[in-house]
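> Provided herewith is a single structure, encoded as structure tokens, for subsequent inquiry.
The values are calculated or read from the model by the stated rules, or taken from the named source; none is laboratory data. Not measured: the values here are computed from a predicted model. FYI the Cβ positions are ideal-geometry reconstructions off the backbone, even for glycines, and counts take in every protein chain you see. Remember, those area values only see protein heavy atoms, side chains included, never the ligands or the DNA or RNA. Shrake-Rupley method; radii C 1.70, N 1.55, O 1.52, S 1.80 Å.
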Amino acid sequence: MYDQILYPTDGSTGSEAAAAHVAELASAFDATVHVLHVIDIRGGGLGLSGAFLEEEGQAMSGRSPDEGYIGRHEEGPDPDEIEDELTAQAEELVEASAGSLDGIDLTTAVEMGTPHSEILRYADENDIDLVVMGTHGRTGVERYLLGSVTEKVVRLADPPVVTVRVDEGE
Ligand code: ATP
Ligand code: MN
């Protein structure tokens with residue numbers, strides 16, 4: 001019944017908490033696990049990757065952030081180069097998340113876009129039977145019951161969604 005399990009990860013403690021459950025479920029159902037990270041480009045910019053851009057902007061243009069960086073100067077870093085670097089970082093992130101799933105049949109994926117939309121699209125396109133993810137992630141405030149990505153996936157996904165709290169996963 002659960003042949004294809006989707007494990008979306010943002011590399012946070014919150015998503016690591018789900019890993020033990022992913023492994024257990026995948027073993028029990030002899031399933032393939034899809035480890036997916038979405039490079040967040042909400043808002044038309046490069047979203048959570050802003051810190052990286054700031055650093056790179058300084059390094060590449062020799063300016064401090066106060067003097068402005070990407071997008072405000074002609075001599076900013078090459079967007080293709082930024083995309084390559086973000087993709088490389090994202091691939092490292094999924095490999096690290098996959099590392100805790102030893103002995104499980106795995107595939108890894110990196111997408112770029114709005115996290116919940118890409119997670120839902122990936123689930124549709126890959127016949128996912130079950131999603132397992134953290135209740136919280138990298139940026140969330142614990143007083144909310146669910147992070148915003150998880151909330152939308154729970155609300156909109158066709159397959160069932162298992163959510164794991166940090167203290168549940170440990
Ligand atoms: P918020 O982002 O709403 O401020 P948060 O970061 O605590 O709060 P979410 O982003 O919803 O909460 O993260 C909850 C779970 O959603 C994570 O544990 C992870 O499983 C998944 N997730 C979040 N962001 C991504 C992403 N960019 N790519 C893949 N999975 C993600
Ligand atoms: Mn988040």
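> Name the residues in segment 73-116 that are on the phi > 0 side of the Ramachandran plot and modelled with pLDDT of 95 or more, would you?
Within segment 73-116, GLY113 is the sole residue that qualifies.
> Also, quick follow-up: If a residue must be under 17 Å from GLU125 (Cα atoms) and either more than 9 Å from ligand 1 (Cβ to nearest atom) or surrounded by fewer than 21 Cβ atoms within 10 Å (Cβ to Cβ) (or both), how many such residues does segment 1-17 contain?
Total meeting the criteria: 5.
> Can you pull out every residue in segment 1-29 that is of a type in the set (Asp, Glu), touching a residue at least 24 places away in the same chain (Cβ under 8 Å) and over 19 Å from GLY147 (Cα atoms)?
ASP3
> Among the helices (runs of 4 or more DSSP H) confined wholly to segment 102-170, which include 2 or more residues that are more than 18 Å from ALA23 (Cβ to Cβ)?
Those helices (runs of 4 or more DSSP H) span 115-125, 148-156.
> Quick one: in segment 18-31, which of the residues that are of a type in the set (A, V, I, L, M, F, W, C) and either under 16 Å from ILE128 (Cβ atoms) or within 16 Å of ligand 2 (Cβ to nearest atom) (or both) is surrounded by the fewest Cβ atoms within 10 Å (Cβ to Cβ)?
PHE29
> For segment 131-149, check the following and say yes or no: at least one residue is open to solvent by less than 30 Å² (accessible area, probe 1.4 Å), at negative phi, more than 11 Å from ligand 1 (Cβ to nearest atom) and in contact (Cβ under 8 Å) with a residue 24 or more places away in the chain.
No, segment 131-149 contains no residue that is open to solvent by less than 30 Å² (accessible area, probe 1.4 Å), at negative phi, more than 11 Å from ligand 1 (Cβ to nearest atom) and in contact (Cβ under 8 Å) with a residue 24 or more places away in the chain.
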